[in-house]
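To keep things clear, I will list the structure first and then write my remarks on it.
Just so you know, all these numbers are worked out from the coordinates, no wet-lab data involved. Because the structure is a prediction, the values reported are computed rather than measured. Here Cβ is always computed from backbone atoms with ideal geometry, including for glycine, and neighbour counts include all displayed protein chains.
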Amino acid sequence: MRSAVWRVAKELGIGPGCLYRSARGLPGKFKKQFQQFEGIADPSRNHKSYREVVASLRPPLIPFTPLLLKDLTFLHESCKTFHGELVNFEKMHKVAEMVRSIRRYRSVQLALDVEPSPSHLQTKAYVRQLQVIDNQNLLFDMSCKLEPKDV
């Protein structure tokens, strides 16, 4: 799980090594949203729930890239491109279908003609002033301070 959102969903789950105490402190509204997201992020049946949600959305949208890469890798590794001197057109058709679906995600430009509200401008200013922490050890130490492990 490389996506930050999927990682948060995993960490807020019940079980050892998770942010169980933090999850208990969430208001009911957010717990309900989290449960809905958990259902979408469920990897069973080859991410069926997620795929159905994405298929129902209108572009533009940003898909979960690791899943796309997994699908392309599986397609590439599971079928030969050539059988002797013959091209595997079924494989090429499936690759083209996947590329068309990826292109569909960006087929419509995001329309932001709306006048920004004061809260939007405040949020934008807040996000711009945030500092990125990419040191995994520092992030782990900060996590342990917020939620110490029970020994």
Of all the Cα-Cα pairs you can form in the chain, what percent are over 18 Å apart?
74
What ranking, highest mean first, results for peptides 45-51, 57-63 when packing means the other Cβ atoms within 10 Å averaged over each residue?
45-51, 57-63
Within the set Lys48/Lys91; Lys70/Lys91; Lys31/Lys94; Lys31/Lys145; Lys29/Lys124; Lys124/Lys149, which residue pairs have Cα atoms separated by over 27 Å?
Lys31/Lys94; Lys124/Lys149
Rounded if a/c is under 1.5, else prolate if a/b beats b/c, else oblate: with a ≥ b ≥ c from the C-alpha gyration tensor eigenvalues square-rooted, which is the stretch 61-129?
prolate
CD proxy, 222 nm, the chain: helix-only mean residue ellipticity via -39,500 (n - 2.57) per DSSP H run with n ≥ 4, per residue, nearest 500, stands at -19000 deg cm²/dmol
Sorted by packing (mean other beta-carbon atoms within 10 Å per residue), highest first, where do 91-97, 138-144 land?
91-97, 138-144
Suppose the chain between Asp141 and Arg21 were pulled fully straight at 0.36 nm per residue; how much longer would it get relative to their current alpha carbon spacing?
41.5 nm
Backbone HN-Hα couplings from phi across the stretch 124-141 [Karplus 6.51/-1.76/1.60, Hz, Gly and Pro as x]:
4, 5, 5, 5, 5, 8, 5, 9, 7, 10, 10, 8, 4, 5, 5, 4, 5, 4
